[in-house]
1. Considering only residues that are open to solvent by less than 30 Å² (accessible area, probe 1.4 Å) and modelled with pLDDT of 95 or more, look in the stretch 279-295 and name the one that is farthest from S141 (Cα to Cα).
2. I'm told G197 meets every condition in (1) part of a loop (DSSP other than H, G, I, E, B); (2) surrounded by 23 or more Cβ atoms within 10 Å (Cβ to Cβ) except one. Can you identify the failing condition by its number?
3. Being modelled with pLDDT of 95 or more and among the basic types (K, R): is that true of K263 here?
4. Quick one: G46 ticks every box in (1) within 21 Å of G113 (Cα to Cα); (2) open to solvent by less than 70 Å² (accessible area, probe 1.4 Å); (3) without any contact (Cβ under 8 Å) to a residue 12 or more places away in the chain except a single one, so which number is it?
5. Of the residues A87, A82, which single one is at pLDDT below 95, farther than 18 Å from D49 by Cα and either assigned to a loop (DSSP other than H, G, I, E, B) or open to solvent by less than 10 Å² (accessible area, probe 1.4 Å) (or both)?
6. So in the stretch 236-267, with the set limited to residues that are touching a Phe, Trp or Tyr at 6+ places or on another chain (Cβ under 7 Å) and in a loop (DSSP other than H, G, I, E, B), which one is nearest to Q201 (Cα to Cα)?
7. Return only the number of the condition from (1) touching an Asp or Glu at 6+ places or on another chain (Cβ under 9 Å); (2) assigned to a helix (DSSP H, G or I); (3) open to solvent by less than 40 Å² (accessible area, probe 1.4 Å); (4) closer than 21 Å to V300 by Cα that A55 does not satisfy.
8. Test A39 against the criterion of being open to solvent by 10 Å² or more (accessible area, probe 1.4 Å), farther than 19 Å from A129 by Cα and aliphatic (A, V, I, L, M), and give yes or no.
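The values are calculated or read from the model by the stated rules, or taken from the named source; none is laboratory data. Computed from a prediction, not measured in an experiment: that's the story for all the values here. Here the Cβ is made from the backbone with ideal geometry for all residues, glycine too, and neighbour counts use every protein chain on show. Heavy atoms of the whole protein, side chains included, go into the accessibility calculation; ligands, DNA and RNA do not. Shrake-Rupley method; radii C 1.70, N 1.55, O 1.52, S 1.80 Å.
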Amino acid sequence: MSSPYQRALLIANPIAGAGRGKDRALALEAALNESGLPAELRLTGGAGDARRFAAERAAGFDVIVSIGGDGTLREILDGLQASDDKAIPVATLPMGTANVLAIDFGLPKSIPGVVEMLRTGTTRNLDLARIQAGDLAPTTSFLAVGAGLDGEVVQRLDSVRSGPISKLTYVPHVVRAVAGYKPPVLRVVIDGKPLDGTFGQVLIANIINYGGFLKLDPGARTDDGLWEVYLWRRGNRRELSRSAIRGAARHLPGGPCTMVRAKKVEITSDAPTPYHVDGDAGGQTPLVFEVTGKRQAIVVPRPRS
């Protein structure tokens with residue numbers, strides 16, 4: 001195998017993909033070793049393991065492969081910020097519920113596709129951000145941060161979650177959250193300037209595909225040092241339903257949704273409001289979001305000429 005990489009560290013969530021993560025990881029490890037790219041596999045046993053493996057084991061490898069969902073990848077990116085080698089590129093074998101980055105970047109989902117990507121692919125830069133809220137430790141974000149209804153849905157799911165999940169797992173939590181939903185009152189500061197009035201929903205995103213079905217601003221770039229901030233004044237069921245239809249059929253912003261670009265976003269609220277980070281439960285407002293200025297190299301297929 002002629003590859004720009006010499007040694008690969010595989011970090012896998014064994015329960016990803018409805019419990020197929022371990023088998024797929026072992027198969028990828030074997031395929032890479034057989035192709036001539038030495039690979040070493042580490043299986044996670046719980047939250048924080050992928051972060052620790054990336055922070056402690058990155059030295060000696062020149063590429064990391066994430067096997068799992070966006071949550072596993074986020075832990076790896078977070079861990080690399082604490083390692084001595086933050087420039088190491090990251091590839092992924094997507095096996096999560098939404099696999100948002102894989103959709104946006106056109107990443108292969110098959111083992112042969114990942115092997116070929118590591119042999120002939122290139123890299124694409126991804127802006128990283130840091131989230132700070134209260135006494136919680138700062139954490140990395142690379143996809144999206146949402147405060148409002150989406151944050152409440154994710155928090156509800158996280159409180160009862162055990163084992164693998166699918167998109168259908170979200171349905172009862174969405175129904176319960178929407179049924180009795182009262183939008184929060186959010187105040188937003190963009191790059192040091194307070195926005196007039198209040199908002200009922202805020203989504204800060206670095207992607208085009210959100211949640212596997214909504215299309216965001218098609219002009220968004222992942223490496224321009226700015227994230228898109230989508231804002232809903234009321235954020236009630238009517239506004240969010242209109243935006244869901246528009247986002248599924250066309251794209252946002254538009255209708256009740258406006259958008260600005262920013263490096264730093266501060267969100268406060270009258271009452272603590274749940275937020276999510278890249279689809280995982282975060283905490284509650286107030287929070288400070290800031291693009292770090294660091295760009296992570298993601299291995300992607302080489303464009304066809």
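1. T285
2. Unmet condition: (2).
3. Yes.
4. (1)
5. Of the residues listed, the single one that is at pLDDT below 95, farther than 18 Å from D49 by Cα and either assigned to a loop (DSSP other than H, G, I, E, B) or open to solvent by less than 10 Å² (accessible area, probe 1.4 Å) (or both) is A87.
6. Step by step, filter the stretch 236-267, then rank; the result is P256.
7. Going through (1) touching an Asp or Glu at 6+ places or on another chain (Cβ under 9 Å); (2) assigned to a helix (DSSP H, G or I); (3) open to solvent by less than 40 Å² (accessible area, probe 1.4 Å); (4) closer than 21 Å to V300 by Cα one by one, A55 breaks only (4).
8. In short, yes.
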